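Worksheet for the structure shown next.
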Amino acid sequence: MNAPVLVINCGSSSIKYALIDSDPEAPRLAGLAERLGSPDARLKGKNSSGESFTQPLPDADHTQALNAILERMEGRVPGAVGHRIVHGGEHFTQAALIDDSVINAIETTAALAPLHNPANLAGVAATQSVFPTLPQVAVFDTAFHQTMPPRAYRYALPESLYAEHGIRRYGFHGTSHAFVSQRAGELSTRGAGGWLTAHLGNGCSTSAVFNNQSLDTSMGLTPLEGLVMGTRSGDVDPGLHAHLHRQLGWTLDKIDSVLNKESGLLGLSGLTNDMREIEEAAEQGHPTAQLAMEVFCYRIAKSLAALSCALPQLDGVIFTGGIGENSPIVRRNVLALLPHFGFALDDSANEATIRGKEGCLDSDGHQGPQVWVIPTDEEGRIAMETRHCLEARL
Ligand code: AMP
């Protein structure tokens, strides 16, 4: 299929979009409709010559926003729509052409992602009303991790919770881990070997990928498990919920909200969830920012070390996401905690590889496991999976 793919990532009050050509060099049209359903609703984006625009869309709903997005396509007609769907449960191991049975299956998994799947499905319905004849494909955040073996995905809980309620580890950020590990395999002499991937953005997760298959990952049943994130705690003692309830009288909703929205870098620093600001404050000697940085990096290193157990061989580590792509300090701190892995970071390559650059950060002639920075491209991966899904059906 040569026509562009329209990639849609629909939240409860937002639609992120990108129109992606089959030619990777072709300019992308991309943007974000936000604050939908409010008087401040608006569409922000870039046209093909790279100029930014902001268009007010007062009180627009998802369908009206999609119509406004359609008018920004500059006459390019998409041949398909690829939807990012957060949770595919165990049902979806790869992208799926959307029909009634796929929608039913996504609805069934909504209990596992009550904030995300219903919003994603609202996006599918709105897109179907605006583009009734276009094929629509669901691409799942969880699908890439469906290759994890039971030892990695099972919690040590009563069997019935897994068998009857699907309580297991699923993992997220699948399109990102898949994209960067595949890209490293193309760029590196090591090929599709054993890679540890670290997606470090507002949400953070690590993954162990061997031969393009995920063998383990740090996120679990929900995207709260694992690393310290912008506002999410990551791993805590599972006894914490009962303790906070008994000692402080907190409700489950309050605990859930604190762990998801008030913790992580924000909770530790008491200042901000933004790594750039943490770095600045730490540099100025702010103790809570220094602590936030230390805990953040230590937990990444600990997670990478743990995930290395999943790999038969270690060919390298890949940093991606807003922090992974732009923070030489975080990369240096994390690698300094893994001296026994035999990485050899070249400081000047580390400093220079920021703002969308990709590359290997190794010292010259290094033979051990490699260090790579690969800017993620989740939209590009969704477009590619959409094409593959449709081509496989021809
Ligand atoms: P993402 O969710 O992938 O967009 O990543 C957002 C995170 O990347 C935020 O914590 C930002 O502070 C962080 N980030 C973006 N640019 C930089 C930078 N130049 N240095 C450090 N962190 C950055």
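Quick look at the values:
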read-out: Single condition TYR153 does not satisfy, out of (1) surrounded by 16 or more Cβ atoms within 10 Å (Cβ to Cβ); (2) in contact (Cβ under 8 Å) with a residue 40 or more places away in the chain; (3) of a type in the set (Phe, Trp, Tyr); (4) out of contact with any helix residue (DSSP H, G or I) (no Cβ under 7 Å at 6 or more places or on another chain); value: (2)
read-out: Given (1) open to solvent by 10 Å² or more (accessible area, probe 1.4 Å); (2) modelled with pLDDT of 95 or more, index of the condition ASN47 fails; value: (2)
read-out: Single residue of VAL295, VAL330 found to be among the hydrophobic types (A, V, I, L, M, F, W, C) and under 26 Å from ALA192 (Cα atoms); value: VAL330
read-out: Filter result for the condition that a residue is open to solvent by less than 50 Å² (accessible area, probe 1.4 Å), touching a residue at least 60 places away in the same chain (Cβ under 8 Å) and of a type in the set (Ser, Thr, Tyr), over THR142, THR147, THR127; value: THR127
read-out: Any hit, the range 74-83, residues being out of contact with any strand residue (DSSP E or B) (no Cβ under 7 Å at 6 or more places or on another chain) and crowded, with 18+ Cβ neighbours inside 10 Å; value: no
read-out: The one condition in (1) within 26 Å of TRP372 (Cα to Cα); (2) away from the ligand (no atom under 16 Å from the Cβ); (3) not aromatic (Phe, Trp, Tyr) that GLU277 fails to fulfil; value: (2)
read-out: Residue tally, condition open to solvent by less than 10 Å² (accessible area, probe 1.4 Å) and among the aliphatic types (A, V, I, L, M), over the range 282-306; value: 5
read-out: Criterion (crowded, with 17+ Cβ neighbours inside 10 Å and within 12 Å of the ligand (Cβ to nearest atom)) met by exactly one of ILE354, ILE323; value: ILE323
read-out: Within the range 21-44, considering residues that are assigned to a loop (DSSP other than H, G, I, E, B) and within 21 Å of ILE382 (Cα to Cα), the one least open to solvent (accessible area, probe 1.4 Å); value: ALA26
read-out: Within the range 92-110, considering residues that are open to solvent by 60 Å² or more (accessible area, probe 1.4 Å) and under 20 Å from the mean Cα position of the chain (by Cα), the one nearest to MET148 (Cα to Cα); value: THR93
read-out: Condition met for ALA18 (within 20 Å of the chain's Cα centre (by Cα), part of a strand (DSSP E or B) and surrounded by 13 or more Cβ atoms within 10 Å (Cβ to Cβ)); value: yes
read-out: Condition broken by ALA344, with the remaining ones in (1) within 16 Å of the ligand (Cβ to nearest atom); (2) surrounded by 14 or more Cβ atoms within 10 Å (Cβ to Cβ); (3) farther than 21 Å from LEU266 by Cα; (4) small (Gly, Ala, Ser) satisfied; value: (1)
read-out: Residue ID - nearest to the chain's Cα centre (by Cα), chosen from residues in the range 170-194 that are in a loop (DSSP other than H, G, I, E, B) and buried (at least 20 other Cβ atoms within 10 Å of the Cβ); value: HIS173
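Yes or no, residue by residue, for (1) under 17 Å from ARG331 (Cα atoms); (2) in contact with a Gly (Cβ under 6 Å, 6 or more places away or on another chain):
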position: ALA163; (1), (2): no, no
position: GLY171; (1), (2): no, no
position: THR175; (1), (2): no, no
position: PHE179; (1), (2): no, no
position: GLY191; (1), (2): no, yes
position: GLY194; (1), (2): no, no
position: SER205; (1), (2): yes, yes
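The values are calculated or read from the model by the stated rules, or taken from the named source; none is laboratory data. These figures come from a predicted structure and were not determined experimentally. Don't worry about glycine lacking a Cβ; one is built from the backbone with ideal geometry, like all the others, and counts go over all protein chains shown. Surface accessibility is based on the protein's heavy atoms, side chains included, excluding ligands, DNA and RNA. Shrake-Rupley method; radii C 1.70, N 1.55, O 1.52, S 1.80 Å.
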